[in-house]
Amino acid sequence: MWVPAGVNIANRSMFATELKGDAVTEHIMTDQATPPRASFRSFQESTQDDWMLIMKQRGELEASLASRILEQFEHLRDDYGGFPVDRLEHSLQTATRAERDGRNDEYVLCALLHDLGDPLTPYNHPDVGAAILKPFVSEANHWMVEHHGIFQGYYFWHHLGMDRNTRDRYADSPHYALTEEFCSEYDSPAFDPGYDSNPLGHYEALIRQFFGTNPWTGRTVDNSDA
Ligand SMILES: [Fe+2]
Ligand SMILES: [Fe+2]
């Protein structure tokens with residue numbers, strides 16, 4: 001591949017490949033197609049102008065958050081891991097059971113995202129969903145998602161030679177009952193292949209609503225078509 005002097009070959013997205021007969025032509029895309037970048041080599045060198053440039057593009061990251069969360073659910077589809085339903089169906093079934101039981105939107109969102117980290121974090125999966133939700137939900141609901149794995153253990157850890165009562169270490173927590181209830185009522189029963197769960201599309205508006213506000217500034221983030 002021909003690369004002009006001074007162009008970082010790692011930035012392959014800057015190049016377009018054109019095929020004409022047997023000839024292959026690579027050329028640089030227009031500057032308009034490549035968002036501007038800061039030029040510092042270390043944070044120590046960075047300037048206020050650099051950070052203004054970066055923060056301008058951060059808005060696009062915030063606007064696409066809801067879409068990227070929706071995409072992440074696709075990693076749960078067809079991922080069974082030996083369970084009777086795939087991880088997407090388990091997530092949808094947990095949320096649907098909570099919704100049909102009259103839980104509020106924030107609770108349903110937590111139910112939906114509680115296992116989103118499964119494919120990336122087999123050793124500490126509750127931490128991922130909890131971390132994503134933390135700026136957007138109450139301390140109680142965050143604690144519930146963060147600790148649901150240990151509370152779920154009550155229903156099966158004894159089959160694996162582990163202490164099913166490990167949750168007892170949190171007996172003094174003000175969120176113990178909330179988390180115990182989440183697991184007994186919604187999470188642990190959500191493996192029924194015959195249950196009529198809502199599809200992921202049913203929850204798209206909920207996801208866009210909750211992740212459509214910058215939690216630090218309170219500003220609305222337009223994520224409608226991101
Ligand atoms: Fe889980
Ligand atoms: Fe779960």
Filtered residues of region 135-150 (kept if part of a helix (DSSP H, G or I) and either under 16 Å from Ala111 (Cβ atoms) or touching a strand residue (DSSP E or B) at 6+ places or on another chain (Cβ under 8 Å) (or both)): Phe136, Ala140, Asn141, His142, Trp143, Met144, Val145, Glu146, His147, His148, Gly149
Pairs please, first residue from region 104-120 and within 14 Å of ligand 2 (Cβ to nearest atom), second anywhere and among the basic types (Lys, Arg), Cβ atoms under 7 Å, 6+ apart in sequence or on different chains. Asp115/Arg87; Asp118/Arg87
Examine region 12-29 for a residue that is at pLDDT below 95, surrounded by 10 or more Cβ atoms within 10 Å (Cβ to Cβ) and in a helix (DSSP H, G or I), and state whether such a residue exists. yes
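Could you check region 124-134 and list, in sequence order, the residues that are within 12 Å of ligand 1 (Cβ to nearest atom) and either in a helix (DSSP H, G or I) or in contact with a helix residue (DSSP H, G or I) (Cβ under 7 Å, 6 or more places away or on another chain) (or both)? Before the answer, list the steps.
In the first step, residues of region 124-134 are kept if they are within 12 Å of ligand 1 (Cβ to nearest atom); the result is 124-130.
Matches in region 124-134: His125, Pro126, Asp127, Val128, Gly129, Ala130.
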With the requirement that a residue be part of a loop (DSSP other than H, G, I, E, B), within 20 Å of Asp101 (Cα to Cα) and of a type in the set (D, E, K, R), what does region 174-226 give you? Asp192, Asp196
Which of the residues spanning region 73-95 are surrounded by 13 or more Cβ atoms within 10 Å (Cβ to Cβ), away from ligand 2 (no atom under 12 Å from the Cβ) and either in a helix (DSSP H, G or I) or in contact (Cβ under 8 Å) with a residue 60 or more places away in the chain (or both)? Phe73
Which of the residues spanning region 162-195 are away from ligand 2 (no atom under 15 Å from the Cβ) and of a type in the set (A, V, I, L, M)? Met162, Ala171, Ala177, Leu178
Verdict on Tyr154 being within 16 Å of ligand 1 (Cβ to nearest atom), surrounded by 14 or more Cβ atoms within 10 Å (Cβ to Cβ) and not small (Gly, Ala, Ser): yes
Name the single residue that is nearest to the chain's Cα centre (by Cα) among those in region 96-123 being within 13 Å of ligand 1 (Cβ to nearest atom) and part of a helix (DSSP H, G or I). Leu113
What is the one condition in (1) on the phi < 0 side of the Ramachandran plot; (2) at pLDDT 95 or above that Gly102 does not satisfy? (1)
Quick check on region 44-58. Is at least one of its residues free of Cβ contacts under 8 Å to residues at least 24 places away in the same chain and under 18 Å from Tyr203 (Cα atoms)? no
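The values are calculated or read from the model by the stated rules, or taken from the named source; none is laboratory data. For clarity, every value in this text was computed on a predicted model and none was experimentally measured. No Cβ is skipped: glycine too gets one built from the backbone with ideal geometry, and neighbour counts run over all protein chains shown.
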